[in-house]
1. Given a 1.4 angstrom probe, I'd like the percentage of the accessible area of the range 251-340 that is carbon and sulfur, rounded to a whole number.
2. Which value, in Å to one decimal place, does the Kirkwood hydrodynamic radius take for the range 372-447 when every pair of different Cα atoms is included?
3. Roughly how many whole Å is it from the C-alpha centroid of the range 60-82 to that of the range 364-431?
4. Among 254-260, 346-352, what's the highest-first ranking by average C-beta atoms within 10 angstrom per residue?
5. Got a number for carbon plus sulfur as a percent of the range 403-445's accessible area, 1.4 Å probe?
6. Can you order the peptides 381-390, 115-124, 304-313 by their average number of other Cβ atoms within 10 Å per residue, highest first?
7. Which residue, N570, G544, L560, has the largest displacement toward the positive end of the dipole of the range 532-574 when charges sit on each Cβ (Lys, Arg +1; Asp, Glu -1)?
8. For the range 44-197, which whole-number percentage of the solvent-accessible area (1.4 Å probe, protein heavy atoms only) is attributable to carbon and sulfur atoms?
Amino acid sequence: MKKHAEDYFSRKMFYRQFFPALLSSVGLAAGDMMDAVVVGQSMGVTGLAAISLALPVFMVMNVVMHGFGIGGSVRFATQLAQGKPEEALGGFQGVLGVTLLIGAALAILGNLFLTPLLGLLGTTAADGLLFETSRAYVRIIVSGTPLFFFAYLLNYYLRNDDHEKIASLGFTVGNFSDIALNLVLVLLLDMGAAGAALATLAGQAISIACYLTVLPWRKNICISGKADENERLPESVPHGAGAKGTLRLFPFSPDFGGCFSCFRTGFSSSVSYLFSMLFLLAANHLLMRMSGSVGVAVFDMVQNASYLILYLYDGTAKAAQPLVSTYCGEHNRRGMAHTLRLGLRSGMAVGAVGIFLTVVSPGTVCALFGLEGQEAVRLGCYALRVFCAGAGFAGISIVLESYYQSVGEEMAAYLLTILRGAAVLLPATFVCAAFGEQGFWWLYPVTEILSLGLFLLIAYVPREASSNGHTHKYHVIHEDLFDPNRVLSILIDNRMDELGPLLEKVRGFCEAWDALPNQSYFVVLTVEELCSVIINRAFLTEKGRIQITLVAEEDHLFTLHFRDSAASFNPFSLRTERAGSTAFFDLDAMGVLVIRRTAKEFYYRHYQGFNTLTVKI
């Protein structure tokens, strides 16, 4: 395999995802911060208190929509990488159906039991204006639960369906629309907390409208499956037809199997919202006893300021996830590892910028959030600098959590989330609080450094176990139990003289894994024909590369994954007339016809700027 094979494709695909994801994260941070600023300026303590009381409602919603969104999109990307577009689509529609049903149930129950819900959140009718303000805000938010679920689910899936730009654009437009509508409804029209809630729902609706622009209302033209010998594509079908995206809403044929296993995968991250609720309650009570309202105000500022930094790492994790899931579906460990390195390096780079600006000018951050008074500003600057001491470690953990979810290692993601969100965080909160007002803020770096250290210790330090009188070493976390020796990955330039050595390696690999004579012949034929067609027909310049990954599956099936840097080109869309049936005769097309007839399955899509082919023999 040529040096830096994965670097060539992974780097380009990663950065196509990275910048749109970063833009979305910045938009989300702005939206989360501006809501508090606008409502606070309009309604003061009552408005902020009402929104704070509603936070547990958002936490419950986050658990559901991020759980299904993360887990479902991981399965979707993996199935596409394995050449199973119909299964991926059915799974998406199944998750969508289940999520919307849950959202509708929560909306109905929330409205039927609104008064008991408000009592659980901490306010009753005896509180007067606070109760009425909370009631108006919570009623609108709860009623819009299906809207939140629909918007977030579409965003997750679009990122894994080669629509990262529209996913980022829709998310950003929705967030900035939320900000603009807050200014209009709350500050200009004086609609209070109800106006803030309506602005939030309107932002979600606008995001959905953007997302739907790329979803076809009928079945995509998709060159996949298995054709008989008489099948021929119409001449009018272009090479790239149907290659852009698999998602669609209609016809609606959901596959509900595995929906809750998807939620289990995503729950390893979404459970952190439940932990956050416990942490917020504990921290607010401790600070009220130590510093009063000033301490709570500084705490709120630090929590909001953390969005400016941590969301950058989260955006990096979202950029890496589709690529890691794709490589996982191909059993391409080198690609997975290189994408992880790209994610960690890029995340640390952009995070370092946010950390540096905060450390150098904490007073500016305090002023941005309206923190005034010598005592408050002094404590705020100190707390921000202490928080930044652990922010880089938090970023590493965020990227690692996403990576382990993407490769299906839910237990590793659970472990890291539980350490950061509860097992270390909650004890650290009480221990650091014992050292007073100055010591409290050290809970941030203590939690992040200790959590990451414990995770690495548990996950990667080898352990010994005895079995049948023999001692062997093992790791708690296994990223991929698939035998790496069953995977052959080769990178070639777009030159015909590179085919000879490639075919010899493919032939030797098939023999090593006991391929049947006919099976070995057709694997070699498929590699030769498809590489020849791509080199002769697809590349417009002399520069370009093709990556071939051959997997010897455990069910005696051989799966070929092709990835090339040529212009959008689908070999399976070539005209495949029989010899002598017309005046037109194409040897390349005849070779493709043989593959179409022989392959058990085949699938093409243009993904992240590259042509990808999957053929199973």
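1. Details: 2130 of 3330 Å².
Carbon-and-sulfur percentage of accessible area, whole number: 64.
2. 13.7 Å
3. Taking the Cα centre of each part, the range 60-82 and the range 364-431 sit 24 Å apart.
4. On the way: 254-260: 15.9, 346-352: 19.1.
Ranked by mean Cβ neighbours within 10 Å, highest first: 346-352, 254-260.
5. Working: 1180 of 1530 Å².
Carbon plus sulfur share of accessible area: 77 percent.
6. Details: 381-390: 20.0, 115-124: 15.1, 304-313: 22.0.
In decreasing order of mean packing, 381-390, 115-124, 304-313 become 304-313, 381-390, 115-124.
7. G544
8. Numbers: 3920 of 5300 Å².
After summing per-atom areas, the C and S share lands at 74 percent.
The values are calculated or read from the model by the stated rules, or taken from the named source; none is laboratory data. Computed from a predicted model, the values in this text were never measured in an experiment. As a convention, Cβ positions derive from the backbone with ideal geometry for all residues, glycine included, and neighbour counts pool all protein chains shown. Each accessible area value is taken on the protein alone, full model and side chains, heavy atoms only, with ligands, DNA and RNA left out. Shrake-Rupley method; radii C 1.70, N 1.55, O 1.52, S 1.80 Å.
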